[in-house]
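As structure tokens, the structure follows; a few thoughts come after it.
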């Protein structure tokens, strides 16, 4: 088995990732932000890591405003739970349609750290690595 720790916590972390992906696909910034701790860190390729949801949430909103459609699907790697902290790996498939007609197909990998607060799991850190990217369209 590649994962370890209580099954109920691993399931809750899977639901956290599903909530995140659902929010992305619906362009729902409020739901997206609710998955993060206030002092979380978000790291994307080509950018320095940003700590503080209040700092990276506007960047997410601006990036999302360029798209007319987003398909965002995750496949779990290992999820390792140790008390109120955990680490997980997710392989992500993205289909991004920009409003200007350009389309991106991306396969990436998230390496996550989670924290459990008052019985609820949150992202404490998400580091994203692009494994493959293709671009088409206008």
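Going through the range 101-138 one residue at a time, which ones are at pLDDT below 95 and out of contact with any strand residue (DSSP E or B) (no Cβ under 6 Å at 6 or more places or on another chain)?
Correct list: 138 only.
Can you name every residue in the range 98-108 that is under 14 Å from the mean Cα position of the chain (by Cα) and either buried (at least 16 other Cβ atoms within 10 Å of the Cβ) or assigned to a loop (DSSP other than H, G, I, E, B) (or both)?
If the condition is that a residue be under 14 Å from the mean Cα position of the chain (by Cα) and either buried (at least 16 other Cβ atoms within 10 Å of the Cβ) or assigned to a loop (DSSP other than H, G, I, E, B) (or both), then 106, 108 are the ones that fit.
Modelled with pLDDT of 95 or more, in a helix (DSSP H, G or I) and in contact with a strand residue (DSSP E or B) (Cβ under 7 Å, 6 or more places away or on another chain), is that true of residue 12?
The answer is yes for residue 12.
Among residues belonging to the range 25-50 that are at negative phi and modelled with pLDDT under 95, point out the one that is surrounded by the fewest Cβ atoms within 10 Å (Cβ to Cβ).
Across the range 25-50, the extreme among qualifying residues is 48.
Let's see how each residue does on (1) part of a strand (DSSP E or B); (2) touching a residue at least 12 places away in the same chain (Cβ under 8 Å); (3) more than 18 Å from residue 133 (Cα to Cα):
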{"residue": "48", "(1), (2), (3)": "no, no, yes"}
{"residue": "60", "(1), (2), (3)": "no, yes, yes"}
{"residue": "63", "(1), (2), (3)": "no, no, no"}
{"residue": "68", "(1), (2), (3)": "yes, yes, yes"}
{"residue": "75", "(1), (2), (3)": "yes, yes, no"}
{"residue": "79", "(1), (2), (3)": "yes, yes, yes"}
{"residue": "87", "(1), (2), (3)": "yes, yes, yes"}
{"residue": "96", "(1), (2), (3)": "yes, yes, no"}
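The values are calculated or read from the model by the stated rules, or taken from the named source; none is laboratory data. These numbers come from a predicted model, not from an experiment. Here Cβ is always computed from backbone atoms with ideal geometry, including for glycine, and neighbour counts include all displayed protein chains.
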